[in-house]
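*Asks:* Sharing a structure, written as structure tokens. Questions coming.
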Amino acid sequence: MRRLEGKFCIVTGAARGIGLAIARRFHDEGASLLLTDVDADTGIPAAEALGADFLLLDVREEEHWAELARLHPACDVLVNNAGITGFEHGPAAHDPENASLAEWHAVHRTNLDGAFLGCRYAIRAMKAKGDGSIINISSRSGLVGIPGAAAYASSKAAIRNHSKSVALYCAGQGWRIRCNSIHPAAILTPMWEAMIGVGPDRDAKMAAMVADTPLKRFGTPDEVAAMAAYLAADESAYVTGSEFHIDGGLLAGSAASPGD
């Protein structure tokens with residue numbers, strides 16, 4: 001029996017990148033799937049390829065979550081993956097001195113408000129059964145300072161903390177509803193691909209971007225999806241309020257030896 005057989009799983013931001021990789025892994029593990037995204041043009045064919053359903057969902061909008069709850073009042077697994085960096089429309093000032101309040105709010109509204117609304121939906125959708133798994137995609141940036149992307153780092157740090165609050169709240173109610181966060185670092189997604197390009201200097205660019213990573217490479221969306229599958233499955237039933245780093249060793253410290 002596959003690990004997610006009989007489970008109804010919802011993945012936000014599932015049209016591409018990490019979200020799509022998670023959806024594919026969940027499909028392979030036997031889950032019944034709902035993919036959501038604001039990009040229906042990409043999301044619908046992605047869902048169709050998996051034999052899954054698709055719902056247009058803007059995670060910032062409470063009304064969208066209310067419609068999801070109307071259509072799907074119960075679920076077993078929710079992955080809060082949808083998020084933005086703030087640089088989707090080109091370079092912008094996101095340092096603590098020059099970031100605008102509007103840009104700060106825009107990043108937090110998608111990343112943090114979206115995760116809050118998703119967790120609230122999931123708790124209400126899971127509590128009748130008293131069982132379920134909420135998986136929040138945070139970031140390595142949620143554990144360290146990022147001067148040039150202060151809003152992004154702040155939002156991901158808040159997701160890390162909120163995951164623990166959700167875990168403790170659910171445990172305190174006597175529910176077996178678990179909540180954990182995943183913290184990827186440099187994962188080779190379309191966002192990174194756009195910066196790397198396909199020119200003759202591609203390999204050199206990639207090496208430079210992961211030069212400070214002990215394992216000296218990018219992670220893959222499938223590696224994040226494997227962790228999500230574990231957290232979604234019953235084998236992780238004793239895991240809640242925890243955080244999982246997928247960062248090639250970045251947070252372990254320096255790879256240098258004392259003699260270097």
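*Asks:* Based on this model, can you work out whether LEU33 counts as in contact with a strand residue (DSSP E or B) (Cβ under 9 Å, 6 or more places away or on another chain) and over 23 Å from ALA128 (Cα atoms)? Steps first, answer last, please.
*Replies:* Details: in contact with a strand residue (DSSP E or B) (Cβ under 9 Å, 6 or more places away or on another chain): yes; over 23 Å from ALA128 (Cα atoms): no.
Considered against the rule, which asks whether it is in contact with a strand residue (DSSP E or B) (Cβ under 9 Å, 6 or more places away or on another chain) and over 23 Å from ALA128 (Cα atoms), LEU33 comes out as no.
*Asks:* Which residue, of ILE123, ILE137, is closer than 26 Å to ARG176 by Cβ and without any contact (Cβ under 8 Å) to a residue 60 or more places away in the chain?
*Replies:* Values: ILE137 fails: without any contact (Cβ under 8 Å) to a residue 60 or more places away in the chain.
Going through ILE123, ILE137 in turn, the sole match is ILE123.
*Asks:* Looking only at residues that are among the polar types (S, T, N, Q) and assigned to a helix (DSSP H, G or I) in the stretch 100-130, which one is nearest to ALA153 (Cα to Cα)? Lay out the reasoning, then the answer.
*Replies:* Start the filter on the stretch 100-130 by keeping residues that are among the polar types (S, T, N, Q), which leaves 100, 110-111.
Next cut, assigned to a helix (DSSP H, G or I) only: 110-111.
Details: THR110: 13, ASN111: 10 Å.
This residue is ASN111.
*Asks:* Still on this structure, I have one more. So, in the stretch 183-209, how many residues would count as being under 18 Å from ILE146 (Cα atoms) and buried (at least 20 other Cβ atoms within 10 Å of the Cβ)?
*Replies:* Counting residues in the stretch 183-209 that are under 18 Å from ILE146 (Cα atoms) and buried (at least 20 other Cβ atoms within 10 Å of the Cβ) gives 4.
*Asks:* Given the criterion open to solvent by 40 Å² or more (accessible area, probe 1.4 Å) and either at pLDDT below 95 or in contact with a Phe, Trp or Tyr (Cβ under 9 Å, 6 or more places away or on another chain) (or both), identify the matching residue among ARG24, ARG3, ARG70.
*Replies:* Details: ARG24 fails: either at pLDDT below 95 or in contact with a Phe, Trp or Tyr (Cβ under 9 Å, 6 or more places away or on another chain) (or both); ARG70 fails: either at pLDDT below 95 or in contact with a Phe, Trp or Tyr (Cβ under 9 Å, 6 or more places away or on another chain) (or both).
Of ARG24, ARG3, ARG70, the one residue that is open to solvent by 40 Å² or more (accessible area, probe 1.4 Å) and either at pLDDT below 95 or in contact with a Phe, Trp or Tyr (Cβ under 9 Å, 6 or more places away or on another chain) (or both) is ARG3.
*Asks:* Say we look at the stretch 139-160 and pick out the residues that are touching an Asp or Glu at 6+ places or on another chain (Cβ under 7 Å) and either under 18 Å from ALA228 (Cα atoms) or of a type in the set (Gly, Ala, Ser) (or both); which of these is least open to solvent (accessible area, probe 1.4 Å)?
*Replies:* To start, the set of residues in the stretch 139-160 that are touching an Asp or Glu at 6+ places or on another chain (Cβ under 7 Å) comprises 140, 147-148, 150-151, 160.
Among the residues that remain, those that are also either under 18 Å from ALA228 (Cα atoms) or of a type in the set (Gly, Ala, Ser) (or both) are: 140, 148, 150-151, 160.
Working: ARG140: 63, GLY148: 46, ALA150: 21, ALA151: 3, ARG160: 78 Å².
Applying the filter and picking the extreme gives ALA151.
*Asks:* Taking strands (runs of 3 or more DSSP E) that fall entirely within the stretch 11-83, which contain at least 2 residues that are in contact (Cβ under 8 Å) with a residue 60 or more places away in the chain? Explain how you work it out, then say what you get.
*Replies:* Working: elements: 32-37, 53-56, 77-80.
The strands (runs of 3 or more DSSP E) meeting that bar are 77-80.
Residue by residue, here is whether (1) out of contact with any helix residue (DSSP H, G or I) (no Cβ under 8 Å at 6 or more places or on another chain); (2) of a type outside the set (Gly, Ala, Ser); (3) on the phi > 0 side of the Ramachandran plot holds:
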position	(1), (2), (3)
CYS179	no, yes, no
ALA186	no, no, no
GLU193	yes, yes, no
ALA208	yes, no, no
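*Asks:* List the pairs whose first member sits in the stretch 100-118 and is under 13 Å from SER138 (Cβ atoms), whose second member is in a helix (DSSP H, G or I), and whose Cβ atoms are under 6 Å apart, counting only residues at least 6 apart or on separate chains?
*Replies:* ASN111/SER155; LEU112/SER155; LEU112/ALA158; ALA115/ILE159
The values are calculated or read from the model by the stated rules, or taken from the named source; none is laboratory data. This structure is a prediction, so every number in the text was calculated from the model and none was measured. Note: ideal-geometry Cβ built from the backbone for every residue, glycine included; neighbour counts use all protein chains shown. Please note that ligands, DNA and RNA were not included when accessible areas were found on the heavy atoms of the full protein model with its side chains. Shrake-Rupley method; radii C 1.70, N 1.55, O 1.52, S 1.80 Å.
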